[in-house]
Structures are given as C-alpha cells and as structure tokens.
Amino acid sequence: MFTVAIANQKGGVGKTTTAINTATAMAASGWRTLLIDLDPQGNASTGLGIAKELRGQSSYDLLLGEGTIRQIALDTTIPNLRVVPSTVDLSGAEVELVSLENRAMRLRQAIDAAQSDYDICFIDCPPSLGLLTLNAMAAADTLLVPLQCEFFALEGLSQLLQTVERVREHLNPQLGIIGVALTMFDRRNRLTDQVADDVRNCLGDLVFEAVIPRNVRLSEAPSHGMPALIYDYACSGSRAYISLARELIGRLPSLRKAA
C-alpha cells in the first residue's frame with residue numbers, strides 16, 4: 001500500500017475536495033483505495049455519504065489504539081473505496097496523544113497493520129501543522145499539496161516545506177512530495193494566471209499539469225453526500241480530477257502500482 005497525505009496548513013484550499021475526488025478516481029480505476037479522514041470537521045466522511053450516526057468508531061479510536069483499520073473502515077457507495085471516518089472526538093486527540101508513547105507514530109503503526117488490504121491510502125489532513133498532521137506525515141510515503149491560486153499561496157507553502165524537512169530528519173526520512181495541485185483556478189481572473197505561472201516557475205515539474213478550476217458542481221456535490229465524479233461526471237471539476245489521478249498514477253513508484 002502506498003500512502004499519500006493531502007496536506008496544507010492553510011484552510012479552504014481544496015484539500016478535502018481533492019482527497020474525495022482523487023480517491024474516487026483511483027477506486028474507479030480498479031485500485032483498492034482507503035481514505036482516512038484525519039480532520040475533526042469530518043468533511044471527507046460527509047462528502048462520501050457517511051452519516052454521523054454511522055460513525056461508531058473513527059480515526060480518533062485508530063490513533064488511540066482502540067480499533068484497527070479493518071475494524072473501523074466503512075464501505076462507501078463507490079466500489080473499491082473505503083473510509084476511516086472522523087468525528088468531533090478527534091478535536092481532543094492532540095491533547096490526549098501528548099501523554100502517549102510514540103505519539104507521532106500512532107497512525108503509521110495502524111497503517112502498517114493493514115498494508116496488504118489496499119493498493120493506495122489517502123489521508124485528508126486538518127488545516128494545521130499540529131500532531132494530527134505530524135502523524136499523517138510520519139505515516140505517509142509522500143505528500144500531495146493542494147495550492148490555491150491566490151496571492152499568498154507560496155507564502156504558506158514555505159512553512160509546510162520546513163515542516164516536511166523536520167519530519168524527514170526526525171520521523172520519516174523517506175517522506176517525499178509527489179506533487180503540487182493548483183486548485184480554485186478562475187480563468188476570468190488574471191491574478192490566478194499570474195499565481196499559477198509563479199508557482200510553476202518556482203516549483204517546476206513538481207506542479208501537476210492538471211489544474212482544478214473553480215466549479216459550482218464541485219461545491220454542490222458534498223451536500224448530496226457524493227464525490228463530484230459521481231454527482232456530475234462531465235463537469236469541468238470532475239474532468240480535472242480525473243486528469244490529476246492519471247498524473248498521480250504516472251508518478252507513483254512502479255513497484256507500488258496496482259497490477
């Protein structure tokens with residue numbers, strides 16, 4: 001199983017939308033896919049149609065060692081896609097983890113125990129660089145970074161890259177960045193073109209060719225409890241995420257790719 005953490009400490013950049021739709025695209029391509037919702041808001045769980053009353057155990061229990069992925073993961077309406085849901089309990093996990101042994105490695109231990117069950121795992125991180133995101137980075141093989149096409153985009157990215165370096169030094173020397181996905185691109189706004197050009201000039205091939213547009217259907221889909229790829233397969237946002245998934249597959253190490 002290859003593990004991809006979707007992270008950016010800035011909120012509102014499309015992390016959860018990227019997690020849901022990229023995971024859906026991978027599952028639709030035949031990959032046994034797991035999505036771990038590590039955000040206390042639980043939006044990835046909601047966006048995949050997992051009602052709150054169905055979330056008996058959650059990623060909170062996973063981190064505290066009170067359940068395994070096999071016990072906690074729930075089926076979704078998408079074949080090949082399962083989710084470890086999140087509940088508000090997770091908001092207290094950072095405080096509770098502080099007193100536990102190997103507090104930054106709890107998620108990695110849980111994922112290691114389920115290595116043979118899935119081809120790929122996505123982790124939807126919270127908008128912070130706290131202990132939850134640290135657990136995700138310690139568990140991940142690589143990061144996928146959604147970057148909003150706005151003026152301060154690169155400013156927040158530098159802080160994230162510094163955190164990645166610290167994680168490499170102390171917790172996970174193999175952690176890489178598989179790519180940066182430009183999100184919320186608005187062709188009517190010349191500033192977004194300029195930001196996209198600046199990001200590509202700065203990061204080069206690290207930036208995915210696929211660009212995720214601002215799209216009403218992407219925004220509507222979660223309220224219906226389904227990914228945009230199911231809600232409206234033909235919309236520009238869905239097509240962009242399909243292209244992103246294709247690029248992602250092309251960047252995955254060949255030994256980790258599904259047969």
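The values are calculated or read from the model by the stated rules, or taken from the named source; none is laboratory data. Keep in mind that this is a model prediction, so the values were computed, not measured. Every residue, glycine as well, gets a Cβ built from its backbone with ideal geometry; the counts of neighbours run over all protein chains shown.
Below is a table of values for the structure above.
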{"read-out": "Out of THR183, THR192, THR163, sole residue that is within 21 Å of GLY12 (Cα to Cα), in contact with a Pro (Cβ under 7 Å, 6 or more places away or on another chain) and surrounded by 14 or more Cβ atoms within 10 Å (Cβ to Cβ)", "value": "THR183"}
{"read-out": "Residue selected from region 132-153 under the condition among the hydrophobic types (A, V, I, L, M, F, W, C) and over 19 Å from the mean Cα position of the chain (by Cα), by the criterion nearest to GLN115 (Cα to Cα)", "value": "PHE152"}
{"read-out": "Verdict on ASP89 being over 22 Å from MET26 (Cα atoms) and touching a residue at least 24 places away in the same chain (Cβ under 8 Å)", "value": "yes"}
{"read-out": "Evaluation of ASN172 against (1) part of a loop (DSSP other than H, G, I, E, B); (2) at pLDDT 95 or above; (3) over 30 Å from ALA104 (Cα atoms) (one fails), failing number", "value": "(3)"}
{"read-out": "Tally of residues being closer than 22 Å to THR142 by Cα, touching a residue at least 12 places away in the same chain (Cβ under 8 Å), acidic (Asp, Glu) and assigned to a helix (DSSP H, G or I) across region 197-221", "value": "0"}
{"read-out": "Qualifying positions in region 186-233 - under 13 Å from THR17 (Cβ atoms) and of a type in the set (A, V, I, L, M, F, W, C)", "value": "ILE212, VAL216, LEU218, ALA221, MET226, ALA228, LEU229"}
{"read-out": "All positions within region 13-65 that are among the small types (Gly, Ala, Ser) and part of a helix (DSSP H, G or I)", "value": "ALA19, ALA23, ALA25, ALA27, ALA28, ALA44, SER45, GLY47, SER59"}
{"read-out": "Residue list for region 9-62, restricted to those being among the polar types (S, T, N, Q), under 22 Å from ARG239 (Cα atoms) and surrounded by fewer than 19 Cβ atoms within 10 Å (Cβ to Cβ)", "value": "SER29, ASN43"}
